[in-house]
Amino acid sequence: MRLRVVLAAIGAFILSALGPAQAGQTQVAVAANFTAPAKDIAAAFKAKTGDEAVLSFGASGQFYAQIQQGAPYQVFLSADADRPKAAVEAGLAVADSRFTYAIGKLVLWSKSLDVSKGDETLKANAFAKLSIANPKSAPYGAAAVEAMTKLGVYDAIQPKIVQGNSIAQAFEFVDTGNAELGFVALSQLAAVTAGSRWVVPQALYAPIRQDAALLETGADDATSKAFLAFLKGPEARAIIEKYGYSLE
């Protein structure tokens, strides 16, 4: 009996010396439009697993350029489908890891103008500045150009456009009054009550399919794989829908 007590004490000492298992960590490049939901998803992931998703936010095109240059991201949550596909084809991402995690929606937003009839507002052209994300690096910017082109107003409005490096900066221009209106992601307005908005009809732009991929730098990393699996699960999907995204 005494020997059992001694052995139990020794075992407890060894366990306390070892301490808790070290939490895993994954480096995630996240499209700027997905900032708020990504933060909520990362928090839920940590609460469930104890592991941490370290998030970096920016324009998808800029992230892809960084990934090509060897940036140490392990997971890529893009604002489009093209760049994750290109990453797979270039051997920068794991084959068959790519999937659509959200389908974004484009919105015209203003804090000072009534843009509830957005097509009429754009055709009237009675404003000084309109913000969009850089269409070369940000899919929401490309969608904004496509929508204006289909409405036949792009050529007239183009001189008034101010470009943000990402959709986050395009939002900031409107929020700070540096542009009277701008094209932003619906998800960015989830907690915004100020101003007016016009959800751009889907017929005016190609669906913004946002794809995720496991990068080769995370190919053997259990936490990176677990985060992507969590992103596909019901908890993450509920968060994604809460922010106004569509799901397949």
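I'd like the residue in segment 36-88 that is under 25 Å from Leu189 (Cα atoms) and β-branched (Val, Ile, Thr) and, out of all such residues, is surrounded by the fewest Cβ atoms within 10 Å (Cβ to Cβ).
In the first step, residues of segment 36-88 are kept if they are under 25 Å from Leu189 (Cα atoms); the result is 36-45, 53-63, 76-81.
From what's left, β-branched (Val, Ile, Thr): 41, 54.
Values: Ile41: 27, Val54: 12.
Only one residue fits best here, namely Val54.
From the list Ala36, Ala79, Ala43, which residue is over 13 Å from the mean Cα position of the chain (by Cα) and either outside the structural domain of Tyr140 (by TED's automatic domain parsing) or modelled with pLDDT of 95 or more (or both)?
Details: Ala36 fails: over 13 Å from the mean Cα position of the chain (by Cα); Ala79 fails: over 13 Å from the mean Cα position of the chain (by Cα).
On inspection, the qualifying residue turns out to be Ala43.
Check off (1) part of a helix (DSSP H, G or I); (2) under 19 Å from Pro84 (Cα atoms); (3) touching a strand residue (DSSP E or B) at 6+ places or on another chain (Cβ under 8 Å) for Ala142 and give me the number that stays unchecked.
Unmet condition: (3).
Could you tell me which residue of segment 89-119 is nearest to the chain's Cα centre (by Cα), considering only residues that are crowded, with 17+ Cβ neighbours inside 10 Å and within 25 Å of Gln69 (Cβ to Cβ)?
For segment 89-119, the residue satisfying everything is Tyr101.
Taking Pro84 and the conditions (1) outside the structural domain of Leu228 (by TED's automatic domain parsing); (2) in contact with a Lys or Arg (Cβ under 9 Å, 6 or more places away or on another chain); (3) not polar (S, T, N, Q), which numbered condition does it fall short on, given that it satisfies the others?
Of (1) outside the structural domain of Leu228 (by TED's automatic domain parsing); (2) in contact with a Lys or Arg (Cβ under 9 Å, 6 or more places away or on another chain); (3) not polar (S, T, N, Q), only one is false for Pro84: (1).
Search segment 190-204 for residues being in contact with a Gly (Cβ under 8 Å, 6 or more places away or on another chain) and surrounded by 17 or more Cβ atoms within 10 Å (Cβ to Cβ), and hand back the single one that is nearest to Ala147 (Cα to Cα). Explain how you work it out, then say what you get.
Applying the first criterion (in contact with a Gly (Cβ under 8 Å, 6 or more places away or on another chain)) to segment 190-204 yields 190, 198, 200.
If we keep only those that are surrounded by 17 or more Cβ atoms within 10 Å (Cβ to Cβ) as well, we get 198, 200.
On the way: Trp198: 12, Val200: 8 Å.
Checking each candidate, the answer is Val200.
Has segment 120-130 got at least one residue that is farther than 16 Å from Leu204 by Cα, at pLDDT below 95, in the same structural domain as Gly182 (by TED's automatic domain parsing) and surrounded by fewer than 23 Cβ atoms within 10 Å (Cβ to Cβ)? Don't jump to the end; show me each part of the working.
Here is the first cut: in segment 120-130, the residues farther than 16 Å from Leu204 by Cα are 124-130.
Restricting the remaining residues to those that are at pLDDT below 95 gives none.
No - not one qualifying residue is present in segment 120-130.
Please determine whether any residue of segment 195-202 is in a helix (DSSP H, G or I) and out of contact with any helix residue (DSSP H, G or I) (no Cβ under 6 Å at 6 or more places or on another chain).
Residues of segment 195-202 in a helix (DSSP H, G or I): 202.
Within this subset, residues satisfying the condition of being out of contact with any helix residue (DSSP H, G or I) (no Cβ under 6 Å at 6 or more places or on another chain) are 202.
Yes, segment 195-202 has at least one match.
The values are calculated or read from the model by the stated rules, or taken from the named source; none is laboratory data. Values in this document were obtained by computation on a predicted structure and should not be read as measured data. Cβ atoms come from the backbone with ideal geometry, glycine included; neighbour counts cover every protein chain shown.
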